[in-house]
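Heads up, the thing below is written out as structure tokens.
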Amino acid sequence: MRLIKLSEYDEQTMQLAKAIYDGQGRILLTANHTIHPKIVDRLIRLGISHVVVEDAESKGITLDEMLELPTWLDIIHAVKEAYDAAAGNKPLPLRHILKGVDQLIDEVKRRPVVVLIPATTIADELQLYAHCVNVALLSLQIAKQMGYHELQLRDLAVGCLLHDIGKAVAADERKHPEAGFNMLRQIREISLLSSHVAFQHHEKFDGSGYPRAISGKDVHEYAQVCAVANTYENALSKEKMSPHEAVEVIMALNGTSFNPEVVDAFIKSIAPYPPGTKVVLSNGEQAIVIKIISHMQRPVVRILATEQEISLADHPSLMITGELTLSTTSSG
């Protein structure tokens, strides 16, 4: 199976591999069915732009690197409950948030690689909350690379799940970090460090961020981890970039927006070409990534023409030169 843009779906060769959900978390389409073109149009109108499919080229790819959809959706709904409570000036349902944090930490600990389910695989109404879950998941992956212990992981994940909660009470985009901080720091069960993730996730390493324009080590490392994850996830979901394009965005901001130590951990922990991505190799051959064992930039690929599987880690002179797009295919 592989993740594709919904606009690339081909009813003749592809079958839906994972269910599609609406804004209430109800199943719109179950797996193992084809999608009629009229339904494709309806899904696009709902804001859904990515789906997981099964086709001949992706046979044997399991996408075990992704969370199970029910787990992902449960945590999304826990975040939505918290944001709804904040908007209604009610106590946050922290039990569900903390349960979600434990689930995310467990997922990251037991998987060598975590690949995101894009926020755009779900209807518009839930995408803000899916974004928060994905930011927490990415942040934990980065933090694992940086050697964080259990308590640090928990405080970071709580802060990331709630990093945008100020948006529930502040209409002004630039005021939501402080609004979120002022809300979270009043809650005894939430660490002040978690609160600072909400406060500082738009601060930048060079001092050009907001709300306080602090810089360097004055920006807490948890907030910098969240900021990198936040920018990367927004590049995927809002800008509709591919993972390798989004990685390049982070690398371009190294040392200006972001702490180089955090960017280094990010590069070592995030796969620019996740399993299921069709790529072009430096020898001109077309291939599909089938799994990542340890090295993010050196996955195992299957040559499309011959079905030979090779690990790029064992072929140091062979590199991925880019993603195989529809235009690449037609020109080749």
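The values are calculated or read from the model by the stated rules, or taken from the named source; none is laboratory data. Quick caveat, the model's predicted, so the values are computed rather than measured. We place every Cβ from the backbone using ideal geometry, glycine too, and count neighbours over all the protein chains shown. Protein only, heavy atoms only, side chains kept; ligands, DNA and RNA dropped before computing areas. Shrake-Rupley method; radii C 1.70, N 1.55, O 1.52, S 1.80 Å.
Quick one: what pairs do we get from the range 13-29, first residue in a loop (DSSP other than H, G, I, E, B), second of a type in the set (G, A, S) and crowded, with 19+ Cβ neighbours inside 10 Å, C-beta under 8 Å, 6+ apart or different chains?
Note: pairs meeting the criteria are D22/A123; G23/A123.
Given the criteria part of a loop (DSSP other than H, G, I, E, B) and either over 16 Å from E233 (Cβ atoms) or among the polar types (S, T, N, Q) (or both), does I35 qualify?
yes
Out of S242, S215, report the one residue that is surrounded by 14 or more Cβ atoms within 10 Å (Cβ to Cβ) and in contact with a Gly (Cβ under 6 Å, 6 or more places away or on another chain).
Exactly one residue qualifies, and that residue is S215.
Assess whether Y83 counts as being in contact with a Lys or Arg (Cβ under 6 Å, 6 or more places away or on another chain) and not β-branched (V, I, T).
Criteria not met by Y83.
Just to be sure, is I187 part of a loop (DSSP other than H, G, I, E, B), open to solvent by 10 Å² or more (accessible area, probe 1.4 Å), modelled with pLDDT of 95 or more and touching a Ser or Thr at 6+ places or on another chain (Cβ under 9 Å)?
yes
Here's the yes/no breakdown for (1) within 23 Å of M296 (Cα to Cα); (2) at pLDDT below 90:
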| residue | (1), (2) |
| --- | --- |
| P37 | no, no |
| G60 | yes, no |
| P70 | no, yes |
| K80 | no, no |
| K90 | no, no |
| R95 | no, no |
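Considering the range 147-177 alone, what residues qualify as being surrounded by fewer than 20 Cβ atoms within 10 Å (Cβ to Cβ), within 20 Å of F258 (Cα to Cα) and of a type in the set (D, E, K, R)?
R174 - this is the single residue of the range 147-177 that is surrounded by fewer than 20 Cβ atoms within 10 Å (Cβ to Cβ), within 20 Å of F258 (Cα to Cα) and of a type in the set (D, E, K, R).
In the range 200-213, which residues are outside any helix (DSSP H, G or I) and either in contact (Cβ under 8 Å) with a residue 40 or more places away in the chain or within 23 Å of A136 (Cβ to Cβ) (or both)?
Listed by number, the residues that qualify are H201, H202, E203, K204, F205, D206, S208, G209, Y210, P211.
Does the range 273-304 hold any residues that are open to solvent by less than 10 Å² (accessible area, probe 1.4 Å), assigned to a strand (DSSP E or B) and in contact with a helix residue (DSSP H, G or I) (Cβ under 7 Å, 6 or more places away or on another chain), and which are they?
Scanning the range 273-304 gives I288, V301.
Could you tell me how many of the residues in the range 253-272 are farther than 21 Å from R298 by Cα and open to solvent by 40 Å² or more (accessible area, probe 1.4 Å)?
5
Could you say whether any residue in the range 130-144 is aliphatic (A, V, I, L, M), touching a strand residue (DSSP E or B) at 6+ places or on another chain (Cβ under 6 Å) and either within 27 Å of L28 (Cα to Cα) or assigned to a helix (DSSP H, G or I) (or both)?
yes
Within the range 87-128, how many residues turn out to be open to solvent by 10 Å² or more (accessible area, probe 1.4 Å), assigned to a helix (DSSP H, G or I) and touching a residue at least 60 places away in the same chain (Cβ under 8 Å)?
Looking only at that region, the number is 7.
Does the range 52-61 contain at least one residue that is free of Cβ contacts under 8 Å to residues at least 24 places away in the same chain and either buried (at least 20 other Cβ atoms within 10 Å of the Cβ) or of a type in the set (D, E) (or both)? Step through it out loud before you land on a result.
Start the filter on the range 52-61 by keeping residues that are free of Cβ contacts under 8 Å to residues at least 24 places away in the same chain, which leaves 59.
Remaining after also requiring either buried (at least 20 other Cβ atoms within 10 Å of the Cβ) or of a type in the set (D, E) (or both): none.
Checking the range 52-61: not a single residue is free of Cβ contacts under 8 Å to residues at least 24 places away in the same chain and either buried (at least 20 other Cβ atoms within 10 Å of the Cβ) or of a type in the set (D, E) (or both).
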